[in-house]
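Everything below concerns the one structure shown next.
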Amino acid sequence: MTDTIAAIATPMTPCAIGILRLSGPGAVGAADAVFTPFRGGPMSGRPERTLVYGALHDREGAVIDWCLCTVSRAPRSYTGEDTAELQCHGSPAALALGLEALFAAGARQALPGEFTRRAFLNGKLDLTRTEAVAGLIHAETPAAVYQAAGQLGGALARAVDGVYGELAGLCAHFHAVLDYPDEDIDPFEAEELSSALGRAAQGLDALAATYRRGRLLNEGVPCAIVGRPNAGKSTLFNALLGRERAIVTDIPGTTRDTVEERVSLGGVLLRLIDTAGLRETEDAVEKLGVERSRAAMEGAELILAVTDGSSDFTAEDAEVMRLAAASGRPWIWVMSKQDLTGPCTLWSAAPEGGSPAACVSLSARTGYGMDRLEQAVAALFPAPEGVEAGALLTNARQAEAAGRARAAIRRGGDALQAGMPPDAVVADVEQAMSALGELTGRTVSEDVTARIFQQFCVGK
């Protein structure tokens, strides 16, 4: 990487602070070309990590802002290269002029995630930590923040390295026996090999078990709100969002299609899906909506089954309960419209063998009982016990690599039990190490890294 990149690292909206960021061998020189300290010499002669006040110039030399500048020199920087930052007022127009001046000074526009990609290529971050950067930027709940911060601090890398180190030691011992037959090196005993494989398998099983929680933290829990027409689904949907998103009327069948939004409830990120009322209908459009409602239930990780607490329990309500119970997913029975009636006690109507995880009486219009719904949701998705914050697998790439490593270890164990020689077993161990290396970035293809960094914003 012999070129210098530059980007606006803050949103292009009027705000208090706007940052121009540079990285590469010409970063400090480009900063000097556009920035004149109020006192003292250029940034190239200044100590690193020192904020210097001065004037920012456009490409013609005219002053466009008074700002702060700081530099960091390789390898003691985020990217491992010479870097510079200009901390300006957050005027999109002024930042654009400053960026043009940096381009005129020899820098080029940075690609999405290119700063972090350079940090990875220069050994400043492993691949799990680079993914954590994007996770922290996009975190929508406190739990997601703690996970990303822990992963950025190396929690996931340490969990992977623990298993990798076990396997590396095993392979090193085996190759030492083969390569130095004249040395007094004890060969593997089957029991010793089996014990090492068992420890690795346990570590990988524990790691794989974190994926569901990690994925839901990042992507959100698909949560289908279901019920018969006019049960109060859309009113609850709007109340959870805090705004009018779904149309609410007294006319049954108003909601004809699924509507999806993201919201944090009880510290859990939910992908709320408001669905069409479940009932038998001859209306072609409404029937399509009902089919999509059933599909939403099948794809959900949580179901809110809503019944109207101001009217009698109906056969349609019973069918909703049955479908929720048969889904195999956790579900909460929500008795709505409690502002129109007294607290409901009809919980005995829940289907046998598929009782709800919780029963909540509420009024979405007044807010009554909404806190209990929040508590019920939070209880269904607790933080995993005994797992360090940040040590969760959070995406399909990580889970797939961990799965391949686990499969290779199992093959090795099966080969050992079948009486295969140690070299055959160690071949499986090396495959497991290769998969774990892909997880952290020890060995990873260019197309994988390209896909990862495409998800980043420009300037990071």
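So the values come out like this:
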quantity: Residue that is exposed (fewer than 15 other Cβ atoms within 10 Å of the Cβ) and under 29 Å from Ile303 (Cα atoms), where the choices are Ala379, Ala389; calculated: Ala379
quantity: Which listed residue is of a type in the set (A, V, I, L, M, F, W, C) and not in a helix (DSSP H, G or I), from Val429, Val387; calculated: Val387
quantity: Hits in segment 76-95 (condition: buried (at least 16 other Cβ atoms within 10 Å of the Cβ) and not polar (S, T, N, Q)); calculated: Tyr78, Gly80, Glu81, Asp82, Ala84, Glu85, Leu86, Cys88, His89, Gly90, Ala94, Leu95
quantity: Wholly within segment 1-87, strands (runs of 3 or more DSSP E) carrying at least 3 residues that are more than 36 Å from the chain's Cα centre (by Cα), more than 23 Å from Arg117 (Cβ to Cβ) and modelled with pLDDT of 95 or more; calculated: 35-37, 52-57, 63-72
quantity: Qualifying residue in segment 115-137 (condition: more than 29 Å from Ala432 (Cα to Cα) and surrounded by 23 or more Cβ atoms within 10 Å (Cβ to Cβ)); calculated: yes
quantity: Yes/no for Phe174 being part of a helix (DSSP H, G or I), surrounded by 19 or more Cβ atoms within 10 Å (Cβ to Cβ) and modelled with pLDDT under 75; calculated: yes
quantity: Looking only at segment 100-113, and only at residues there that are crowded, with 21+ Cβ neighbours inside 10 Å and assigned to a helix (DSSP H, G or I), the one that is nearest to the chain's Cα centre (by Cα); calculated: Leu102
quantity: Matching entry among Val290, Val360, Val268, Val285 (being more than 15 Å from Arg228 (Cα to Cα) and either touching a Cys at 6+ places or on another chain (Cβ under 8 Å) or modelled with pLDDT under 85 (or both)); calculated: Val285
quantity: Segment 392-420, subset in a loop (DSSP other than H, G, I, E, B) and at pLDDT 90 or above, residue surrounded by the fewest Cβ atoms within 10 Å (Cβ to Cβ); calculated: Asn395
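The values are calculated or read from the model by the stated rules, or taken from the named source; none is laboratory data. These figures come from a predicted structure and were not determined experimentally. Please note: Cβ atoms are built from the backbone with ideal geometry, for glycine as well, and neighbour counts cover all protein chains shown.
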